[in-house]
Each structure stands twice: as C-alpha cells, then as structure tokens.
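Peer 1: Sharing a structure, written as structure tokens. Questions coming.
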Amino acid sequence: MHAMSLPDADAVIARARLGDPVALEAIYRAYATPVYNLSRRICRTTEDAEDILQETFFEVCRSIRNYRGDGSIWGWIRSVASSKALMRLRRNKYRDTDELNDDLAPARSASYALRMDLESAMARLSDTARAVVWLHDVEGYTHDEIAGQMGKTVSFSKSQLARAHSRLRTWLGEEAPA
Amino acid sequence: MTAHLTMEQLLALRDDDRSEPGLAAGRDHFTTCRRCQSELERLHQRTARLRALPPLAPATDEFPAVHQRITVARQRRDRAAASIGLAAAATLVLTLIGRDLVHPRRLDAEQMLQNEVSQSQRLEQELRRWNPAERVIDGYTAIVVIQLENKIAELDGQLAAAANSKHAAPIENEIKLWQQRVGLMNALVEVHLTKANNVGL
C-alpha cells in the first residue's frame, strides 16, 4: 500500500545494526508514517497509535541486529507494529463490540442514516473485526498469519472478515435490492 | 444451487480461496446470477476504496523518545553485564574459599548456588557459540527474544543489587534468582535454536 523508500537501505541497515543513531533515525523517518497509519487504522485513538509507533521503533532499534535481510525491512517492521497493535487491542478489549449491532438493534439500523463514509463505517466495527479487515484487505496478511498473530483459528479470522464486510455493506448502503 | 452466495463465499471467490465449502457449486450459481456478480463487484470496489484511504501521519515526532529509551536501556544493560560478572566472581570465591568456614547446611546451599551459576554460564557459552547476531530470525521470534532478554536483564539487575548490597541477602534468595536465570536462559537458547515464537511467556 505504501510506497516507502529508504535510500541506500543496505548501508543504512548495516550502520543501524552497529547502533548508529543517525541510521536508526533514517529508518524511523522512512517508516514512521506507515507504522502510524497501520496502528491508527487498527486502534481507535491517536494516543494508542502514537504509543504503538514509539513501542514499535523502540523494539526495531533494539533488535535490528537480528534482522538479516531475508525479507523486506518494511515487512519486518510491519510485523512488529501489527503485533504491538494487536497487543494494544487485547489490552483495550473491554470496548470490543460493534457500536451498532444490527442483530440486536434492527429497528434502529433500519431507520438509521445508512450511508456513511468508509472511515466512519470502519470506526464502528469491533476492534477485532476492524483489525482483520485492515490486516487482510489492505496490508495483505493471509488468514493464517492473522490467526497466528491473534492466537485464534483461521476460521475465526475468515468469519470476522465476512461479518465485517456484511456490516460495512449495510452501513454504506451497498446492499443489493431484494 | 439457487441460493445467492454468502459473504464467506464471495470473499472466497475474491481471494480465490478454494478451501471454502460449497464454493464449486457457488461458482456455477455465480456465473448466471447478476445479483451475486454485482455483490462481488461491490466487494472489490469497497476493498479498493479501503486501500486508497489517505495515509495518516503522526502529529508528533516520537524519535527523540525512542532514542532516549534506547540509550537508557543500553546503559542499564552495560551496567548489569559488568555487575553480573562481579556477582558471579564473588559467588565463586565465596564457594571455593569459604566453604570450610561455614555451617554444613550452608555448604549444601552454596553447592546448589554454584550449580546454578555454572549452568547459567554453560548456557551463555552455548548461546555465544550459536552466535545469534549472525542468524536470521523473523519478527515474532525477535519479539520473544527481546522479552526474554528484558527479563534476564531485570534478573541481572537484582543479582547485581544483591552483590553490591552492604547487607548479605539470604543465600536461598540468590539461588532462587539464579534458578530463574537458568530457566530464562534455557528458553532463550531454545528460541534461538528452534525459532519457537511461543515459550509460554
């Protein structure tokens, strides 16, 4: 999704492994926005996203000596960020319910102004459903990978995605005429 | 099949996921059902719109805070490494020289302590031989390694504090700390050797 570039990446990473603060900062500058974007799309608040941004780069700076370049540096940083974001969701799980549950409130949903923008609709999904939609449909993680990160089954991830899309379809007024 | 495709089936079609049950029959229905074709098209469009959402940028620069935390963590680790060497040396001296001067029950305890220290040193050597800095590990494993290293650093801090304390701590406490360290070192070696990303933390 994001076109990021780290000029002279191999040399920068090699210097970062030795603890060079300039190289570590270059990595931060190259990937801070996509990390923040991923975090903010998954979590509800800017505060959570900023915390995840800091936690992610703290981990990245400390463990970059373990990164040997077998995959893209962004893939590695993203796995740290998504893991942190999901950890944050687990911590905040008391809020993990849809704000508008169609099954429980059909009368309200029928009369509700259905057409809302996509960002608002995403924000109304449960934390888990929103995370699955973002990680699968945007970041390109497989259900296997999402299940692994969440500590759940593949079918859990699939059903969360299907349920989320059904809700988005309704909330966005995209249902097919009967 | 006359029923329209479920969202699960539409997603399976979109993602070419052949593990979805009933998808073969669903495909037959799909080829002739304009409603399901429209549903799939809307699903594609919704996904494209999600991917096209503008990236959100952080309002604050977190790097100064990250850099400060890294600096503090390095200083703490260096101090702990220096102190742990002293603690281990002090323990060995106590064990080797002082064993005849203490009570027989204390001799047993010191033998246990010596065993734990030796075991911890053996695991450190094993880890050095493995040379993790030269190995490739994935992001999840790296996180587990960091968690274990953090816990070991915490323990080293406690051991160093005990070694530097003016008041000698009971030897049982020291044995307990070293036993915990051996357990964590075992887990760390295990993670590096097997790339396991779940060690029951």
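The values are calculated or read from the model by the stated rules, or taken from the named source; none is laboratory data. Quick caveat, the model's predicted, so the values are computed rather than measured. With ideal geometry, Cβ positions are generated from the backbone for all residues, glycine too; neighbour counts draw on all protein chains shown. All accessible areas refer to the heavy atoms of the entire protein, side chains included, with ligands and DNA or RNA removed. Shrake-Rupley method; radii C 1.70, N 1.55, O 1.52, S 1.80 Å.
Peer 1: Out of B:Arg14, B:Arg27, which single residue is of a type in the set (D, E, K, R), within 11 Å of chain A (Cβ to nearest Cβ) and on the phi < 0 side of the Ramachandran plot? I'd like the intermediate steps shown before the answer.
Peer 2: On the way: B:Arg27 fails: within 11 Å of chain A (Cβ to nearest Cβ).
Selected residue: B:Arg14, the only one of B:Arg14, B:Arg27 that is of a type in the set (D, E, K, R), within 11 Å of chain A (Cβ to nearest Cβ) and on the phi < 0 side of the Ramachandran plot.
Peer 1: Something else about it: Would it be correct to say that A:Ile52 is open to solvent by less than 10 Å² (accessible area, probe 1.4 Å), among the β-branched types (Val, Ile, Thr), assigned to a helix (DSSP H, G or I) and free of Cβ contacts under 8 Å to residues at least 40 places away in the same chain? Walk me through how you get there before you give the answer.
Peer 2: Values: open to solvent by less than 10 Å² (accessible area, probe 1.4 Å): yes; among the β-branched types (Val, Ile, Thr): yes; assigned to a helix (DSSP H, G or I): yes; free of Cβ contacts under 8 Å to residues at least 40 places away in the same chain: yes.
Spelling it out, A:Ile52 is indeed open to solvent by less than 10 Å² (accessible area, probe 1.4 Å), among the β-branched types (Val, Ile, Thr), assigned to a helix (DSSP H, G or I) and free of Cβ contacts under 8 Å to residues at least 40 places away in the same chain.
Peer 1: Just give me the residues in segment A:5-20 being at the interface with chain B (Cβ under 10 Å from one of its Cβ atoms) and assigned to a loop (DSSP other than H, G, I, E, B), in sequence order.
Peer 2: So the first thing to find is which residues in segment A:5-20 are at the interface with chain B (Cβ under 10 Å from one of its Cβ atoms), and the list is A:17, A:19.
Within segment A:5-20, A:Gly19 is the sole residue that qualifies.
Peer 1: Please specify each residue of segment A:36-63 satisfying the condition of being facing another protein chain (nearest Cβ under 9 Å) and of a type in the set (A, V, I, L, M).
Peer 2: A:Ala49, A:Leu53, A:Val60
Peer 1: Restricting attention to segment A:133-153, and to residues there that are assigned to a helix (DSSP H, G or I) and acidic (Asp, Glu), which single residue is surrounded by the most Cβ atoms within 10 Å (Cβ to Cβ)? Talk me through it step by step, then tell me what you get.
Peer 2: Here is the first cut: in segment A:133-153, the ones assigned to a helix (DSSP H, G or I) are A:133-138, A:143-150.
Cutting the leftovers down to acidic (Asp, Glu) gives us A:137, A:144-145.
Values: A:Asp137: 21, A:Asp144: 10, A:Glu145: 18.
In this case the residue turns out to be A:Asp137.
Peer 1: Collect the residues in segment A:154-178 that are at positive phi and crowded, with 20+ Cβ neighbours inside 10 Å, keeping them in residue-number order. Before you say what the answer is, go through the steps one by one.
Peer 2: The first filter runs over segment A:154-178 and keeps only residues at positive phi, leaving A:173.
Of everything in segment A:154-178, nothing turns out to be at positive phi and crowded, with 20+ Cβ neighbours inside 10 Å.
Peer 1: Something else: If I go through segment A:129-140 residue by residue, how many of them are more than 9 Å from every other protein chain (Cβ to nearest Cβ) and more than 10 Å from the chain's Cα centre (by Cα)? Don't jump to the end; show me each part of the working.
Peer 2: Filtering segment A:129-140 down to residues more than 9 Å from every other protein chain (Cβ to nearest Cβ) leaves A:129-132, A:135, A:139-140.
Keeping just the survivors that are more than 10 Å from the chain's Cα centre (by Cα) gives A:129, A:140.
Adding up the residues that qualify gives 2.
Peer 1: Within segment A:21-49, which residues are open to solvent by 40 Å² or more (accessible area, probe 1.4 Å) and either on the phi > 0 side of the Ramachandran plot or assigned to a loop (DSSP other than H, G, I, E, B) (or both)?
Peer 2: If we filter segment A:21-49 for residues that are open to solvent by 40 Å² or more (accessible area, probe 1.4 Å), which is where we start, we get A:21-22, A:25, A:29, A:33, A:40, A:44-47.
Scanning segment A:21-49 gives A:Arg44, A:Thr45.
Peer 1: B:Ser38 passes all but one of (1) more than 9 Å from chain A (Cβ to nearest Cβ); (2) open to solvent by 40 Å² or more (accessible area, probe 1.4 Å); which number fails?
Peer 2: Every condition holds for B:Ser38 apart from (1).
Peer 1: Which of (1) under 15 Å from B:Ala57 (Cα atoms); (2) touching a helix residue (DSSP H, G or I) at 6+ places or on another chain (Cβ under 8 Å); (3) within 10 Å of another protein chain (Cβ to nearest Cβ) does A:Thr33 not meet, given it meets every other one?
Peer 2: (2) is the only condition that A:Thr33 fails.
Peer 1: Moving to a separate point now. Of everything in segment A:148-159, what is closer than 13 Å to A:Ser79 by Cα, free of Cβ contacts under 8 Å to residues at least 40 places away in the same chain and touching a helix residue (DSSP H, G or I) at 6+ places or on another chain (Cβ under 7 Å)? Give them in sequence order. Give the derivation first.
Peer 2: Let us first name the residues in segment A:148-159 that are closer than 13 Å to A:Ser79 by Cα, namely A:148-150.
Next cut, free of Cβ contacts under 8 Å to residues at least 40 places away in the same chain only: A:148.
Across segment A:148-159, there are no qualifying residues.
Peer 1: Give segment A:6-56 a look and list any residue that's among the charged types (D, E, K, R) and touching a Pro at 6+ places or on another chain (Cβ under 7 Å), or say none. Let's see the steps before the verdict.
Peer 2: Taking segment A:6-56 first, the residues among the charged types (D, E, K, R) are A:8, A:10, A:15, A:17, A:20, A:25, A:29, A:40-41, A:44, A:47-48, A:50-51, A:55.
Selection gives A:Glu50 alone.
Peer 1: Hey, another quick one. For A:Ser120, are the conditions met, namely being of a type in the set (S, T, N, Q), open to solvent by less than 30 Å² (accessible area, probe 1.4 Å) and under 24 Å from A:Thr45 (Cα atoms)? Working first, answer last.
Peer 2: Details: of a type in the set (S, T, N, Q): yes; open to solvent by less than 30 Å² (accessible area, probe 1.4 Å): no; under 24 Å from A:Thr45 (Cα atoms): yes.
So A:Ser120 does not fit the description; no.
Peer 1: While we're here: Scan (1) at pLDDT 90 or above; (2) out of contact with any Asp or Glu (no Cβ under 9 Å at 6 or more places or on another chain); (3) more than 8 Å from chain A (Cβ to nearest Cβ); (4) within 30 Å of A:Asp48 (Cβ to Cβ) for the single condition B:Gln45 breaks and write down its number.
Peer 2: All conditions pass for B:Gln45, except number (2).
Peer 1: Also, quick follow-up: B:His4 - would you say it is assigned to a helix (DSSP H, G or I) and either closer than 24 Å to A:Leu161 by Cα or open to solvent by less than 80 Å² (accessible area, probe 1.4 Å) (or both)? Walk me through how you get there before you give the answer.
Peer 2: Numbers: assigned to a helix (DSSP H, G or I): no; either closer than 24 Å to A:Leu161 by Cα or open to solvent by less than 80 Å² (accessible area, probe 1.4 Å) (or both): yes.
No.
Peer 1: Still on this structure, please answer the following. Output the number of residues of segment A:60-73 satisfying the condition of being open to solvent by 20 Å² or more (accessible area, probe 1.4 Å), within 21 Å of the chain's Cα centre (by Cα) and under 16 Å from A:Ala23 (Cβ atoms).
Peer 2: Adding up the residues that qualify gives 0.
Peer 1: Checking B:Ala52 against (1) more than 35 Å from the chain's Cα centre (by Cα); (2) surrounded by fewer than 17 Cβ atoms within 10 Å (Cβ to Cβ): exactly one of these is not met. Which one?
Peer 2: Here B:Ala52 clears every test but (1).
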